[in-house]
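All of the numbers you see were taken from the coordinates with simple rules; none came from a lab. Keep in mind the model is a prediction, meaning the values are calculated, not measured. Reconstructed Cβ throughout: ideal geometry from the backbone, glycine too, with neighbour counts over all protein chains shown.
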Amino acid sequence: MNIAVIGDSSCSAEEARLAETIGEMLAQRGAIVVCGGLGGVMEAVCRGAKSRGGLTVGILPGSDASMANSWVDIPVVTGLGEARNALVVKSARAVIAIGGGYGTLSELAFALKSGIPAIGVNTWSLSRDGRCDDSIIRVDSATQAVDKAVAFARMREDDEAAPLPKAGTATTASQ
């Protein structure tokens, strides 16, 4: 199960500790960590995952695999710049956002628009027409973030593994 962890390429020590803990916990739960492959939150989550034997994928903005942080197992070069943010999100069953700048905000938007659950720890808040928009599932700890992300990822995998109806049979949606 792929879970993306998103956040800024420069982060506070507190955000780095949180990301590293989330990486450790995701690896222990058997998740593949997908991120943007650079520094800050991305490096910390990869470091945490690797410390527990996890697999990490870094989807890089440039065309040079050597730009990946040293904890990335599989660097994916794109040459797409920040447009690669869509690929980070679309490669995952759930997204965990830690802090973050405008790049993180764009990834949250891609996730929400795509129906991919977005869990946030000390990250962006949204409002629409002056009202709070609670589309980002807010949590206060690494444990809550990982528990929710894994649960959502498993539900999405189960939904995708369900057999398709045979041709000519009615489904609930078509009745």
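Using the Karplus relation 6.51 cos²θ - 1.76 cosθ + 1.60 with θ = phi - 60°, the per-residue 3J(HN,Hα) values for the range 149-159 come to 4, 5, 4, 5, 4, 5, 4, 5, 5, 4, 4 Hz, with x marking Gly and Pro.
Using a cutoff of 8 angstrom between alpha carbon atoms and counting only pairs six or more residues apart, the relative contact order for the range 1-153 works out to 24 percent.
In plain terms, the residue of Lys113, Lys90 with the fewest other Cβ atoms within 10 Å comes first and the most crowded comes last, giving Lys113, Lys90.
Taken over the chain, lysine pairs spaced eight or more positions apart, or on distinct chains, with alpha carbons under 28 Å apart number 6. Averaging 1/r over each pair of different alpha-carbon atoms in the chain and inverting the result gives 16.3 Å, the Kirkwood hydrodynamic radius.
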